[in-house]
Amino acid sequence: MEMTRLDFLKKAWRTGLVLFGGASFEVVSGSALLAADGKPSGRRMAMAIDIRACVKDAGCVKCISACHRGHNVPVIPDAKRAITWIWKDTIDRAMPGVLDPYSGADLRGANTLLLCNQCANPPCVRVCPTGATWKREDGIVMMDQHRCIGCRYCMAACPYGSRSFNWGDPRRYLDKGSVARDYPTRTKGTVEKCEFCAERVDRGLGPLCAGACAEKAILFGDLNAPGSAVRKALAGRIALRRKPELGTDPSVYYLL
Amino acid sequence: MAGNRIVKTAAALALAAAIFGAPFWWSALRGMKQKAPAPEKPAAEKECVLPATEMRAGHMTLLFQWRDDAVRRGDRAPVAVGGKKYEKSLTGSCLTCHVKKENFCDRCHGSIASAPACFDCHIDTSERGPWK
């Protein structure tokens, strides 16, 4: 007997396939990250950027150059092909609608630091077809250059523009003599972004940008540890995150 | 007619075998033999992470394990072999003994026309000057 589409759906419904299918949503809902008592388990690396300390020196790019030098990020003059792991943009563009014409006059037109938000619910990870980008147990959203096929789905998914694509060989803009020899470059056709200095975190060190900041405006630590520098800073200050309404749950906070 | 066709087919096959088999019979006739590649051995070090025979056969498996440990599992703890500690790193460990990639990796890979993409990203520490 030939089965019609309606018959198939009826049978599928009766045998519970449709119901069980709903179980797959549980997997991505994130509840697995909570321990039995509902409290978060494990570490969650986070950053708090003190906007007011950062704006003191408008022309300072110490953190950016420390990061880009340490990770062999090329300086590409063509803005459309530029690679950025950490960069500066106005607060109004980073967090639209936060500033109004009257309050916080000193922050209007001022720049703040932007980088990968290391989301707890990262859209880039959801769409990556090869597992080249994934979230580590400590919350860092990593890139595995060995697996990236350059499809750029992650770039389309990221609401923060934190990812860059290598349109050409980045080595054309780097010099063998001055590159960081203990860190690889990337290659043509791959996507790259800030990884919260995972290679340093694994060795018990903090990120390069935080270490380079003379104002100590960049704090780094475990969001799940009440005694960490980030948690202490957050407890005493008002903090903003970029586009929290999207539900990405960013791990980068901006202290006001 | 049928016989003619068989002869023609056989002749065509023989000709094809002669043409496509040229690399084989040409080198066999001239007594050409492939030279065994001679990768440069480190001057000071005698021991590697694994015995030489195992490294020769399975260095790629070891590199993949190290890669997965370091990148995917965040396990960058050094590997201790015979009192010496090796970082799980291509440039940080392998290239500290096998100083020149050109004189070590490339010797074998070149002779068998294998071109792994490791150094598209990882840095050959012996090189200087701008990349091509």
As straight-line cross-link partners of residue B:46, the qualifying aspartates and glutamates (C-alpha separation under 16 Å, not fewer than 8 residues apart within one chain) are B:54
Accessible surface buried once B binds A (1.4 Å probe; total of both sides; Å²): 2200
Enumerate the aspartates and glutamates that residue A:11 could reach by cross-link, defined here as Cα to Cα under 20 Å, with residues fewer than 8 away along the same chain left out. A:2
Candidates per GluC sites (Glu not before Pro) in the range B:35-120, loop by DSSP, up to 11 other Cβ within 10 Å: B:45
Report, to the nearest 10°, how far helix B:2-20 tilts away from the longest principal axis of the Cα atoms in chain B, using its own Cα long axis and a range of 0 to 90°. 30
With the calculation restricted to Cα positions, what are the radius of gyration and Dmax of the range A:42-255 in angstrom? 16.8, 50
Computed over the Cα atoms of chain B, the Rg and Dmax in Å are 23.3, 80
Enumerate the amide H contacts of residue A:252 below 5 Å, restricted to partners 5 or more residues apart or on another chain; note that Pro and chain-start residues carry no placed amide H. A:47
Projecting each Cα onto the charge dipole of the protein assembly as shown (Lys/Arg +1, Asp/Glu -1 at the beta carbon, about the Cα centre), which of B:125, A:196, A:211 comes out farthest on the positive side? B:125
Straight-distance crosslink candidates among aspartates and glutamates, where the alpha carbon sits under 14 Å from residue A:62 and sequence neighbours closer than 8 are dropped: A:215
Semi-axes of the equivalent ellipsoid for the range A:54-103, Cα gyration tensor, largest first, Å: 26, 14, 8
So for R0 = 51 Å, FRET eff. of residue B:63-residue A:5 from the Cβ-Cβ r, to 0.05, ends up at 0.50
With charges set only on the Cβ (+1 for Lys and Arg, -1 for Asp and Glu), what does the dipole of the protein assembly as shown come to about its Cα centre, in debye to the nearest 20? 740
Assuming 1.567 mPa s and 4 °C, estimate D for the range A:110-171 with Stokes-Einstein, Rh taken as the Kirkwood radius over Cα pairs, in µm²/s. 104
Surrounding net charge for residue A:233, when Lys and Arg each add one and Asp and Glu each subtract one, Cβ distance under 14 Å: +3
How many angstrom lie between the C-alpha centres of the range A:177-209 and the range A:61-129? 17
Hey, if you put +1 on the Cβ of every Lys and Arg and -1 on every Asp and Glu Cβ in chain B, which of B:98, B:113, B:78 ends up farthest toward the positive end of that dipole? B:113
Rounded to whole angstrom, the alpha-carbon centroid of the range B:1-33 lies from that of the range B:41-86 at a distance of 48
Helix-only estimate, please: 222 nm mean residue ellipticity of chain A, summing -39500 (n - 2.57) across DSSP H runs of length 4 or more and dividing by its residues, to the nearest 500. -5500 deg cm²/dmol
Counting only heavy atoms of the protein chains, get the accessible area per residue of the protein assembly as shown (1.4 Å probe) and round it to a whole Å² value. 60
Computed over the protein assembly as shown, the Cα gyration tensor eigenvalues, each multiplied by 5 and square-rooted, give semi-axes in Å (largest first) of 48, 33, 23
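The values are calculated or read from the model by the stated rules, or taken from the named source; none is laboratory data. Everything quoted here is computed from the prediction, not taken from an experiment. Ideal geometry is used to build each Cβ from the backbone, glycine not excepted, and the neighbour counts take in all protein chains shown. When the accessible area is computed, the model is the full protein with side chains, heavy atoms only, and any ligands, DNA or RNA have been set aside. Shrake-Rupley method; radii C 1.70, N 1.55, O 1.52, S 1.80 Å.
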